[in-house]
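Asker: Encoded as C-alpha cells, here's the structure I'll be asking about.
What follows is calculated from the coordinates using simple rules that are stated; it is not laboratory data. Bear in mind the structure is a predicted one, so any value in this text is a computation, not a measurement. Virtual Cβ from ideal backbone geometry, glycine too; neighbours counted across all protein chains shown.
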Amino acid sequence: MGNAYFMGIDTGTNSSKGVLMDESGKVVALHATTHAMTNPKPNHYEHDAEKDWWGDFCTISKALIEKSGVDPKDIKAVGASALGADCLPVDKDCNPLRKAILYGIDARATDEMAQLTEMYGEEQILAWYGRPLCSSDVMPKILWIKNKEPEVYAKAHKFLTGSSYITAKLTGEYVVDRFLGLASFNPLYDPKTWQPVPKYCEPICRPDQLATVKEAADIAGTVTAKAAAETGLAEGTPVITGTDDSGAEAISSGVVKPGQMMLQLGSSVYMILGTETLVDDERLWREEFIVPGLCDISAGTNAAGSLTKWYRDNIFPEALALEQEGGPDAYQTMMEGVEAVPAGSEGLVTLPYFAGERTPVNDPKARGVVFGLTLSHTRAHLYRSALESVGYSIAQQIALMESHPEVHLDRIIAVGGGTQNPVWMQIIADILGKPVDTPLETVGACFGDAMMAALAVKHPGFESYASLTSFIKPGRTYEPDMEKHKVYETYQKVYRALYESTKSLAHTLSDAAVKE
C-alpha cells in the first residue's frame, strides 16, 4: 500500500495558498497565488469568485500535484477553506450572479442592519447574537441584495459563502459547516436541528436557497469528473465540507481546547479563544467552534497587513520599486530605523481604522487617525506607530475577553504573514505583557484544511481533533519586556480614548464621502 496524502487549499483576502501533506504530517509541497480585492465604493469590498476563488484553487491544486510528483489517486481527501463569511449568490449551475460581497470588512448593509433590528427588536437580536448586528453577519448582506439588486436576487439558486462555493464547484453539493452556518447565517438555521427556520428565512430568502449544514470535517461529496479535469485531482476523491480561513488556521494552531488562542496576523487580525461555554459580550463575537463541544470568543481588527501594504504603496514607494528591481523585500526595507524608535513612537498614536472597524467598536464609519504628530517625527515613527496600533487593538480585545470571569487565556499562538516580522511580534508581546508563541512552520489555514481532511477519512494518527496537536511543532516564543509594557500602558489609554474623542467627526467625514 502506497503513501497517503492530503490536500488543503485556503483562499484569503489577497492571496490563496495550498499544501500537500503526507500521512506523517510532513509538508511535501506548497504553492501560493495572489489576487485583487476590489473596492468599488466606500465600504464595498468584493472578489470575483470564479476567477479569484475557483481559479486560484485549480491553479494551486495542479501546481501541488506537479511539484510533488504525487499520483492524484494517492491524495485520499481534500479540504478547502476561504475567507468568511461572505455572501455569493449563484444560479442553479453554481455560476456567480455578481461579485462576492466579502466578510466583515464589507459594511455596505448598514441600512439592512437597521431594518432587521427594527423588524425583530434589539432584545431578540441580542438573544440571537449576544451583540448587535454587525458587518460580519450574512443575513443583512442577503437582504441588501434583495433590496438593492432585485434582478440578481430573483435568479439566486443559493446564497453561499467562500468555502461553500469551492466545495460546491468540487462536488456539486451545497454545504456549509456548522461553525460558519450557525454563527454567520444566524438566525436562519435552527441551532439544534441545523435546518433552515422558515419564519426567519421568509423576510430574507427561501429556506431552499441556503446550503445544508454539516460539520467542517464531514465528507461533503467527491470530486466530479468536471472538477477533476479542472483541478488535476482524481475523480471520486473525498472532499470535506470545509470552513472559513480563520477557523482552519485556529485548528492548525492547536486551538482544540479552552484557554488556547490563535492570533492570526494577515490582511486583518482575527483572534479565536477557546472557551467552555458561549460568552455574551456585545463588543465581541461568540460561536460554537469547529471542534464539537468547544465554544469560542473571537474578535477582528480590519486593518493589519492591509495597513502595512497601504504604507508600502503610499509612504514607502521607493521600497516597493527597489523590490521590483530585484532588491530586498519592501517590508524589510520599511523596517530600517523602526527598531531604533522608542516604544510609543515618541508620543505618536495611530487608530488603525483605515477600513472601518469590526470589534470592539463595530463601526463601519470609523476612520484612521494618526495622533500626536510633531516636526520631529519621521516615516519610521509613523510606521512603528502603525505597527503598535495593531498591538493596541489586540490588547484592547484580549482585555475585554479576560474581563469575563469564566474566560481564561493560557496560551497565545500567533500565525500568519505578520509573524515573519520579528520586530512587530516583539512589539505585540510588549504591549500585551504576555508571551506570544509562534509555530516552527507557519503554513497557515491550508494546513488545518489538510489535517481535517485526514481526520475526515479517519486516517491512522488523525483520529480526533486533540490528536492533531502532535503535528504542530513549536517555534519561537516572544517574551514581553515588562519595562516597555509599562510605557505602552500610558499609550494604550490614549488609544482607547481616541476613538470616542473622534467618533462623531469620523462619521461626518464618512457620510460626506458617501455623498460625493
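Asker: Could you pull out which residues in the range 375-414 have an amide N less than 13 Å from a spot 7 Å beyond the Cα of E489, following the Cα-Cβ vector?
Answerer: Within reach of a label on E489: no residues.
Asker: Considering just Cα atoms, how many Å³ per residue does the convex hull of the chain enclose? All intermediate terms of the calculation are to be shown ahead of the outcome.
Answerer: Working: hull volume 75.0 nm³, N = 516.
Cα-based convex hull of the chain, divided per residue, equals 145 Å³.
Asker: Just to be sure I understand the rule: take each whole DSSP H helix in the chain, project its Cα atoms onto its long axis, keep it if the span is 30 Å or more and its mean Kyte-Doolittle hydropathy is at least -0.5. Which ones pass?
Answerer: Details: long enough: 379-402 (35 Å, 0.09); 482-515 (47 Å, -0.72).
Flagged H segments are 379-402.
Asker: When the distances between all Cα atoms of the range 252-315 are binned every 10 Å from zero, what whole-number percent does each bin get?
Answerer: 23, 41, 23, 11, 2
Asker: Separate question: Using only alpha carbon pairs under 8 Å that are at least six residues apart, calculate the relative contact order of the chain and give it in whole percent.
Answerer: Working: 1138 pairs, mean separation 80.8, N = 516.
Relative contact order, the chain: 16 percent.
Asker: So if R0 is 41 Å, what FRET efficiency would A466 and Q195 give, r being the distance between their Cβ atoms, rounded to the nearest 0.05?
Answerer: Calculated value: 0.90.
Asker: Let me ask you something else. Nearest 0.05, what FRET efficiency do D313 and L509 give at R0 = 22 Å with Cβ-Cβ as r? All intermediate terms of the calculation are to be shown ahead of the outcome.
Answerer: Numbers: r = 22 Å, r/R0 = 0.98.
Once rounded, the FRET efficiency stands at 0.55.
Asker: If I take R0 = 45 Å and measure r between the Cβ atoms of E276 and L375 in this structure, what FRET efficiency does the formula 1/(1 + (r/R0)^6) give, to the nearest 0.05?
Answerer: Numbers: r = 53 Å, r/R0 = 1.17.
For R0 = 45 Å, the calculated efficiency reads 0.30.
Asker: Still on this structure, please answer the following. For the range 270-379, what D do you get in µm² per second when you plug the Kirkwood radius from alpha-carbon pairs into Stokes-Einstein at 20 °C and 1.002 mPa s? Present the calculation step by step, with values, prior to reporting the outcome.
Answerer: On the way: Rh = 16.8 Å.
Using the Kirkwood radius from Cα pairs, D works out to 127 µm²/s.
Asker: Magnitude of the Cβ-charge dipole of the chain, K/R +1 and D/E -1, about the Cα centre, nearest 20 debye?
Answerer: The dipole of the chain has a size of about 380 debye.
Asker: Another question, then. Tally Lys/Arg at +1 and Asp/Glu at -1 over every other residue whose Cβ is under 11 Å from the Cβ of A183; what's the total?
Answerer: On the way: positive: R178, R286; negative: D137, D177, D244, E287, E288, D296.
The answer is -4.
Asker: Can you list the equivalent-ellipsoid semi-axes of the range 5-246, largest first and in whole Å, using the square root of 5 times each Cα gyration tensor eigenvalue? The partial results should precede the final answer.
Answerer: Details: eigenvalues 207, 65, 49 Å².
In descending order the semi-axes read 32, 18, 16 Å.
Asker: Return M7, M335 ranked ascending by Cβ neighbour count within 10 Å, so the fewest neighbours appear first. Mind dumping the intermediate values first?
Answerer: Values: M7 30, M335 18.
Taking fewest neighbouring Cβ atoms as first place, the list is M335, M7.
Asker: Which links in K62/K309; K67/K458; K309/K484; K141/K473; K146/K309; K62/K158 stretch past 32 Å when you go from one Cα to the other? Walk me through the numbers on the way to the answer.
Answerer: Details: K62/K309 29 Å; K67/K458 26 Å; K309/K484 26 Å; K141/K473 39 Å; K146/K309 34 Å; K62/K158 28 Å.
In this structure, K141/K473; K146/K309 lie more than 32 Å apart at Cα.
Asker: Something else about it: Considering only the other residues whose Cβ falls under 12 Å of the Cβ of W54, what net charge follows from Lys and Arg at +1 and Asp and Glu at -1? Could you put the intermediate results ahead of the total?
Answerer: Details: positive: K51, K169, K226; negative: D48, E50, D52, D56, E230.
Local charge sum for W54: -2.
Asker: Over 17 Å, how big is the tail of the calculated P(r) for the range 293-356, in percent of all Cα pairs? It would help to have the intermediate numbers written out before the result.
Answerer: Numbers: 1173 of 2016 pairs.
When all Cα pairs of the range 293-356 are counted, 58 percent exceed 17 Å.
Asker: Stokes-Einstein at 4 °C, 1.567 mPa s, Kirkwood radius from Cα pairs: D for the range 99-188 in µm² s⁻¹?
Answerer: Details: Rh = 13.9 Å.
Once the numbers are plugged in, D ends up at 93 µm²/s.
Asker: Which value in nm describes the separation of the simple spin-label points at E479 and N95, placed 7 Å from the Cα toward the beta carbon?
Answerer: Placing both labels 7 Å beyond Cα along the Cβ direction yields 6.2 nm.
Asker: Arrange the following residues from fewest to most other Cβ atoms within 10 Å of their Cβ: F316, F371. If you can, show how the numbers build up before the last one.
Answerer: Details: F316 20, F371 15.
Fewest-to-most ranking of F316, F371: F371, F316.
Asker: Another question, if that's okay. Taking neighbour counts of Cβ atoms within 10 Å as a proxy for exposure, in what order, fewest first, do C205, C446, C87, C94 appear? It would help to have the intermediate numbers written out before the result.
Answerer: Details: C205 21, C446 33, C87 26, C94 18.
With the sparsest Cβ surroundings first, the list reads C94, C205, C87, C446.
Asker: Let me ask you something else. Please compute the net charge surrounding E235, taking Lys and Arg as +1 and Asp and Glu as -1 over other residues with Cβ under 13 Å from its Cβ. Don't jump to the answer; show the numbers that get you there.
Answerer: Numbers: positive: K73, K226; negative: E230.
Within the 13 Å Cβ shell, the charges total +1.
Asker: Treat the range 435-483 as a sphere of radius equal to its Kirkwood radius over Cα pairs and apply Stokes-Einstein at 4 °C in a medium of 1.567 mPa s; give the translational diffusion coefficient in µm²/s, rounded to a whole number. Walk me through the intermediate numbers first.
Answerer: Details: Rh = 12.4 Å.
Calculated translational D: 105 µm²/s.
Asker: Taking the alpha-carbon centroid of each part, what is the distance from the range 278-354 to the range 225-275 in angstrom?
Answerer: Each part reduced to its Cα centre gives a spacing of 21 Å.
Asker: Kindly provide the helix-only [θ] at 222 nm of the chain, computed as the sum of -39,500 (n - 2.57) over DSSP H runs of four or more divided by all residues, to the nearest 500 deg cm²/dmol?
Answerer: Details: 17 runs with 191 residues, N = 516.
Result for the chain, helices only: -11500 deg cm²/dmol.
Asker: List, in the order given, every pair from K41/K486; K17/K214; K17/K99 whose Cα-Cα distance in the structure shown is over 30 Å. Intermediate results must be reported in sequence, preceding the final value.
Answerer: Values: K41/K486 41 Å; K17/K214 24 Å; K17/K99 21 Å.
Over 30 Å Cα-Cα: K41/K486.
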